[in-house]
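Have a look at the structure below before the remarks.
The values are calculated or read from the model by the stated rules, or taken from the named source; none is laboratory data. All values reported here derive from a predicted model rather than from experimental measurement. Neighbour counts are summed over all protein chains in view; Cβ atoms, including those assigned to glycine, are modelled from backbone coordinates with ideal geometry.
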Amino acid sequence: MIEVRLHGRGGQGAVTSAELIAISAINQNKYAQAFPSFGPERRGAPVMAFVRVSDEKIRLREKVYTPDIVIVLDPSLPSIVDVTAGLKEDGWVILNSSKDEKTIRKMLGGYKGKLAVVDATKIAMEVLGLPITNTTMLGAFLKATGLVDKKYLEEALEHRFGRLAEKNKAAMARAMKETKLYT
Amino acid sequence: MGKRVAKEVSIAIADAVKLARAEVIAAYPITPQTHIVEHLSELVANGELDAEYITVESEHSAISAALGAVATGARTFTSTASQGLALMHEILFIAPALRLPVVMVVANRALSAPISIWNDHSDIMAERDIGWIQLWAENGQEAVDLVIQAFRIAEDRNVMFPTIVNIDGFTLSHVIEPVELPDQEEVDDFLPPFKPKYKLDPRKPLTMGPVGIPEIYFEAKKAQDEAFKNSRRAILRVWKDWAKRFGRVYNPVETYRTEDAEVVLLINGSLAETAMTAIDKMREQGKKVGLMRFRLWRPFPMQEFRKAVSGIPVLAVIDRALTPGGVGGPVATEVRSALYNAARRPRVVNFIAGLGGRDVTVEDFEEMADRAAFYLKKRPKEAYEMIGVRES
């Protein structure tokens, strides 16, 4: 079983990202669950969302405490939230940032593990015209982990966004190209 | 055959209500039930569900309108949570006495104060004695199945009692997971149209809910109690039929790895799934532990429960509600009472956990099982213990 924790700010679509990953995995005939860090939604406040993906039935209703993958949608979050908390040793941090590797690792408290970085805010502004980074970050997630197939994620985007899907697919594809992996 | 889809459980429940061809929905939105009724109102507005959606000004009105609707012979659904269920309280007793088989999903949530929108079982435990059939779902699939079954159970001529399906707020209601929705034809075949023997009809006037003077009230209540207890047979029949058609088996008391178990945990609702993962882990370590939960909570499945606990040394009941100043949590109190006159009965230990959305983890379940094992040799001193509360 692979556990994912997403960090974002209210309004950036962390919950939607979590849902899209789970929907893709389920449509790929795997088992998955996605759920928000239940609470009143407040725009701009730090929020979390969780995903589990497994080949077997998932019988777990607790939050994700020891993720295999952490996705951070907002570049300002690592300085106020411990995004690497509980991360497994060979886990991934997938981060929206315009900074270089050294600065990011320092910001993550000397994090030494696997890191994927993309300037998702820039891509989202250029492709979508909005600083909503959730679908862009899915591109970085795809490149780093390959946990679900791109095809299924695209289908999920089409289903969710309708006529806006093309732009979101383009943002995701561009992020896949531009994401840098440091392992 | 049904189709396996990824759905938020609330949405899947609304789809199940649609598959059941509900004719009237009367509801007032309240977290965490909101997505269920929002989606139903969409389905009605889009013409996908041919039903009357009655928007009301409160839960008191929601249940009142629902009872009026079902009294005219319309298949009726409502849903609520927490304070909303509490506001329905005085009307809830009227439904079973008038034998009005409305179906309600309760997205279980804590009661104020402090204000909490999060999950526990305080809301439904305060409504234990309303005389409704009460069922528990552990996951999205069961929620869908139970909602469809609930209409057939409630409307069965040998039952005619309102029915609640409990689902954990957020912990279940807001989770996206795989669910298999049966086909419309399959549901139509399983669930015939609602045809009550008596209904409100201006062409054939009758009275529902007259005064019960002392000469008749007691007899009316005895008749209600007898009929309620007898609904058990119909419930079992419906589950047998469901298993035959859909291959998914439902029992009044569900057990998991209880064979040869020395300690059995008992918890209702979706956290039973987390408990199963804990049980698997502990079994691998050679610990003799198992799990039990009530699928059917009312009418209380005395026969099945006594059979299920027979030979178990320690039963650890995990309550998700508090009975302030009482002798234990509401489930434990009931369980102890049910076992008092049993020839062989387990030692009953009671834990209170997960109030107001506090996470109950695999580790918490392991701790409870270990603590319960301690009572194999010793009697507990306290009526109950709280798990997961910060002491400093």
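Sub-6 Å Cβ pairs linking a first residue in region B:223-234 that is in the same structural domain as B:Ile153 (by TED's automatic domain parsing) to a second residue that is assigned to a helix (DSSP H, G or I) and small (Gly, Ala, Ser), at least 6 apart or interchain, are B:Gln224/B:Ala97, ordered by first then second residue. Per the listing B:Arg320, B:Arg306, the residue uniquely surrounded by fewer than 21 Cβ atoms within 10 Å (Cβ to Cβ) and either at pLDDT 95 or above or not assigned by TED's automatic domain parsing to the domain that holds B:Asp280 (or both) is B:Arg306. Taking region B:132-230 and the strands (runs of 3 or more DSSP E) fully enclosed by it, the elements with 2 or more residues that are of a type in the set (D, E, K, R) are at B:176-181.
Considered as a group, the residues in region B:323-367 that are within 14 Å of chain A (Cβ to nearest Cβ), touching a strand residue (DSSP E or B) at 6+ places or on another chain (Cβ under 8 Å) and under 21 Å from B:Glu262 (Cβ atoms) include one that is surrounded by the fewest Cβ atoms within 10 Å (Cβ to Cβ), and that residue is B:Glu367. May I ask you to list the residues in region B:266-284 that are away from chain A (no Cβ under 14 Å) and either buried (at least 24 other Cβ atoms within 10 Å of the Cβ) or at pLDDT below 95 (or both)? Once the filter is applied, which keeps residues that are away from chain A (no Cβ under 14 Å) and either buried (at least 24 other Cβ atoms within 10 Å of the Cβ) or at pLDDT below 95 (or both), region B:266-284 yields only B:Leu266.
Evaluate the following for A:Glu126: is it closer than 24 Å to A:Ile23 by Cα, more than 18 Å from the chain's Cα centre (by Cα), at pLDDT 95 or above and outside any strand (DSSP E or B)? No; evaluated as a whole, the condition is false for this residue. Quick check on B:Phe190: is it within 22 Å of B:Glu127 (Cα to Cα), away from every other protein chain (no Cβ under 14 Å) and of a type outside the set (Val, Ile, Thr)? So B:Phe190 fails the test.
Could you grab me the full set of residues in region B:1-59 that are within 14 Å of chain A (Cβ to nearest Cβ) and either in a loop (DSSP other than H, G, I, E, B) or over 20 Å from B:Asn108 (Cβ atoms) (or both)? Before the answer, list the steps.
Keep residues of region B:1-59 that are within 14 Å of chain A (Cβ to nearest Cβ), which gives B:3-12, B:30-35.
Answer for region B:1-59, where residues must be within 14 Å of chain A (Cβ to nearest Cβ) and either in a loop (DSSP other than H, G, I, E, B) or over 20 Å from B:Asn108 (Cβ atoms) (or both): B:Lys3, B:Arg4, B:Val5, B:Ala6, B:Ile30, B:Thr31, B:Pro32, B:Gln33.
Looking at region A:26-35, can you tell me whether even one residue there is among the aliphatic types (A, V, I, L, M), facing another protein chain (nearest Cβ under 9 Å) and in contact (Cβ under 8 Å) with a residue 24 or more places away in the chain? Looking for residues that are among the aliphatic types (A, V, I, L, M), facing another protein chain (nearest Cβ under 9 Å) and in contact (Cβ under 8 Å) with a residue 24 or more places away in the chain, one finds at least one in region A:26-35, hence yes. Just to be sure before I move on: is B:Thr34 at pLDDT 95 or above, under 21 Å from the mean Cα position of the chain (by Cα) and over 19 Å from B:Glu142 (Cα atoms) in the structure I sent? So B:Thr34 passes the test.
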